[in-house]
Amino acid sequence: MPRKLHSGIFHPTLRKLQEQNVQLHSYNLMYPIFLIENDDDAQDIQSMPGIQRMGINKLKEHLESLIPKGLSSILLFGVTESIPKDENGTAADHPLNPVIRGLPKLLEWFPSLLIACDLCLCPYTSHGHCGIFNKEIGLDNEASINRLAEIAVNYAKAGAHIIAPSDMMDNRIKAIKDALISHGFEKKVALLSYAAKFASTFYGPFRDAAKSAPAFGDRRCYQLPSGSKGLAARAVERDVDEGADMLMVKPGLPYLDIVRQTKDMYPNIPLYVYQVSGEYAMIYHGSKSGTLKLNDVLMETIISFRRAGADCIISYFTPLLLDLIAK
Ligand code: PBG
Ligand code: ZN
């Protein structure tokens, strides 16, 4: 595939990510959001104290308080209730999906905000796995990547700036990139690959938040084994070859060596690291108990991500971090 650059630099925030340094600026942070169907509702999440699932109107108020502090990018996760989960993940790009409905409003309200959409089937399939199943062959990779590409195009049509596939199906990056280009999004949408995503027990709290736990089995046949370093390198290489504009390592703290390895392999590609729900819970509870100083321990972990080579950190602590940067 010919090498393309424009889809990674069309937005001012994306361009800033091409500058490499180790200080923390507000544009080095991306804030994950759980968006629900009921526009005026906000729900506490038991496994992630301090974080809420929000409807679009509640989110508007929340973002209005953060954007003046420098918030420049968000990552949207849709959480559906009324749209039935099925084999095909119909709810992922249903007209009533809160991400599909919310994107045009967010673009209108916050024109400078960079908006990424997580792309996966697990919150929307009846079995809670990240791909499509076929009775004869089990996980059907071909059907899965075709469906993911279709959803990606629908998120792009709704206005997403970044598509972030977290499913880990083989060759999804090429399928999604080709679909985006053939639908006219070549210069308008960036592809952020969850390239080195490990099968991790640190995702536990998130699966409660996003209602995306698998009904049977686990994700070990498509997410990386936690001891694998060479396979992580191959996954990253593959996704770069298939057209990823940006890369991600996930989780963060237990995989700092992989962050460094990935940055060394591709110093010229913006690298994201996801400080996942279990890392959030660890820091939250450690400091709630009085054992750790929240602000200090948080800042130290964030700087470790920057030092290891991360250009952008996806963190549930973004609101607090914006306050700390301002100090
Ligand atoms: C869905 C997805 C997961 C996370 C992001 N997207 C969970 C999983 O793969 O099981 C984890 C995020 C977090 O733990 O904060 N594929
Ligand atoms: Zn998934």
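Compare the peptides 121-131, 50-60 by average per-residue count of other Cβ atoms within 10 angstrom and give them in order, highest first.
On the way: 121-131: 22.5, 50-60: 19.6.
Highest to lowest by the protection proxy: 121-131, 50-60.
List, in the order given, every pair from K105/K263; K105/K293; K58/K174; K177/K211; K60/K188 whose Cα-Cα distance in the structure shown is over 31 Å.
K105/K263; K105/K293; K58/K174
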Per the Kirkwood formula over distinct C-alpha pairs, the hydrodynamic radius of the range 1-98 in angstrom is 16.0
When all Cα-Cα pair distances of the range 192-310 are considered, the percent exceeding 24 Å is 31
The equivalent-ellipsoid semi-axes of the range 56-167, taken as the square roots of five times the Cα gyration tensor eigenvalues and listed largest first in whole Å, are 29, 13, 11
All alpha-carbon distances of the range 165-246, grouped into 5 Å bins from 0, give the whole-percent distribution 3, 14, 22, 20, 16, 15, 9, 2
P(r) over all Cα-Cα pairs of the range 24-326, 20 Å bins from 0 to the longest distance, whole percent per bin, short to long, reads 35, 62, 3
The range 24-326: antiparallel bridges as % of DSSP beta bridges, rounded to 5, reads 15
Output ordering of 244-254, 149-159 (per-residue mean of other Cβ within 10 Å, highest first) is 244-254, 149-159
Excluding ligands, DNA and RNA, the carbon-plus-sulfur percentage of the accessible area of the range 206-322 with a 1.4 Å probe reads 55
When the chain is treated as a Gaussian network with springs between alpha carbons less than 10 Å apart, the largest mean-square fluctuation among V297, V22, V240 is found at V297
In whole angstrom, the spacing between the Cα centers of the range 1-55 and the range 128-188 equals 19
Quick shape summary for the range 111-189, equivalent ellipsoid via Cα gyration tensor, semi-axes whole Å in descending order, reads 24, 14, 9
For the range 1-110, the accessible surface attributable to carbon and sulfur atoms (probe 1.4 angstrom, ligands and nucleic acids excluded) amounts in percent to 51
Using alpha carbon centers only, the range 61-99 is separated from the range 244-323 by a whole-angstrom value of 22
Given unit charges at Cβ for Lys, Arg (+) and Asp, Glu (-), the dipole magnitude of the chain about its Cα centre in debye, nearest 20, is 720
Rounded to the nearest 500, the 222 nm mean residue ellipticity computed for the chain from DSSP H runs (n ≥ 4, each -39500 (n - 2.57)) alone is -11000 deg cm²/dmol
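What whole-number value in Å² describes the accessible area per residue of the range 24-326 for a 1.4 Å probe?
About 38 Å² of surface per residue is accessible.
Based on the mean of other Cβ atoms within 10 Å per residue, sort peptides 201-208, 171-178 so the most packed one is first.
171-178, 201-208
The values are calculated or read from the model by the stated rules, or taken from the named source; none is laboratory data. Please read all numbers here as calculations on a predicted model, not as lab measurements. Ideal geometry is used to build each Cβ from the backbone, glycine not excepted, and the neighbour counts take in all protein chains shown. Just so you know, the surface numbers come from the protein's heavy atoms only, side chains and all, with ligands and any DNA or RNA stripped out. Shrake-Rupley method; radii C 1.70, N 1.55, O 1.52, S 1.80 Å.
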